[in-house]
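What follows is a single structure, written as structure tokens, with notes after it.
Computed from the coordinates by the stated procedures, all read-outs in this text should not be read as laboratory data. In this text the structure is predicted, and so the values were computed from the model without any measurement. In this analysis, Cβ positions are derived from the backbone assuming ideal geometry, glycine residues included, and neighbour counts consider all displayed protein chains.
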Amino acid sequence: MSEFPIPKLSRRHFMALGAAAPTLGLASQARAMAPQLGAQTIDARRFKLGAFEVTTLLAGARTVPDPQTIFGMNVGADEFAQASASANIPTDAAQFFFTPTLVNTGVDLVLFDTGLNPEGIRAAVTAAGYTPEDVDIVVITHMHGDHIGGLMGDAGATFPNARYVTGAVEFDHWAKAGNERFDAKVAPLAEQMTMLNPGDAVLSGIEAVEAFGHTPGHMAFRLDSDGQSLLIAADFANHYVWSLGYPEWEVKFDMDKSAAAATRKSLLGMLAAEKMPFIGYHMPFPAVGYVEARDAGFQYVPHSYQLLMG
């Protein structure tokens, strides 16, 4: 028997409840009419890699029409459409993400690339719990505008306490070729820059990896800490399907298209073989994933919780 007595309901109680039902329904409808707020995403994603703390930053996003004017330029429209349909993505537009990365080694705070402009990278760094003044080292993977845009603005250097690191081949190319964005954003910081070649270290546990082709001296960077590894891959593959999945497909922004394709196949093969996670600058945010070999190409596998278990 129940510890509490069950009340007896009379016919009058049931009639009262029935009379109240329309009012209750109206109240429920009123509560359901909250305004729609639009799409939302997080601005930062942090995880541990050995003794390092790695944070990907959403420094901007952009929708671009007619993606086959950028990706798969050397294949027919039917092949492009079939690959897109298989991946459940549209062929009339693509979403670009811009994802710099912070690595806190426990001694130094290292920023890889700076987004489109100072305002965007300041907001992204702040959203991650730091300030621009906290950044000790800024590493530039290559010198396209969406990677160097946040270096400087009207107020001067965005990261006033930082020193700068970039690839020697990349810097020398743009210094010789001339470029308005390079002249405004990079050249004024040249005396504070350390130039690296492939295999050189930014710091212990952060090594430059040759990834030439997208630009003449494009670099990736391998992180190694306490037996765990990750590749900050920058732009060697610019889309998780049309570039990563089909490494032979030409990409408009690759300056040397054959070298870029060779780099994609080499690095994607390494990532798949080592089951190493990577951060792709333009991958769907939070831009962390894995690579699996698939037929003649590769498949992107987004990170779920593997790196959150430490």
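Summed over segment 88-125, the residues that are surrounded by fewer than 14 Cβ atoms within 10 Å (Cβ to Cβ) and either within 23 Å of Val138 (Cα to Cα) or not charged (D, E, K, R) (or both) give a count of 5.
Scanning for something in a strand (DSSP E or B) and either at negative phi or touching an Asp or Glu at 6+ places or on another chain (Cβ under 6 Å) (or both), does segment 170-180 turn up at least one residue? Checked segment 170-180: no residue is in a strand (DSSP E or B) and either at negative phi or touching an Asp or Glu at 6+ places or on another chain (Cβ under 6 Å) (or both). Please enumerate the residues belonging to segment 126-160 that are assigned to a helix (DSSP H, G or I) and surrounded by fewer than 23 Cβ atoms within 10 Å (Cβ to Cβ). Within segment 126-160, Thr126, Ala127, Pro132, Glu133, Asp134, Gly145 meet the criteria. Can you tell me which residue is farthest from the chain's Cα centre (by Cα) among those in segment 94-130 that are under 16 Å from Leu203 (Cα atoms) and aliphatic (A, V, I, L, M)? Applying the filter and picking the extreme gives Val107.
Scanning segment 46-71 for residues that are in a strand (DSSP E or B) and among the small types (Gly, Ala, Ser) yields one hit, Ala61.
Each row is one residue, and each column tells you yes or no for (1) farther than 27 Å from Met193 by Cβ; (2) of a type in the set (Val, Ile, Thr).
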| site | (1), (2) |
| --- | --- |
| Thr69 | yes, yes |
| Asp92 | yes, no |
| Leu111 | no, no |
| Leu116 | no, no |
| Arg122 | no, no |
| Val125 | no, yes |
| Thr131 | no, yes |
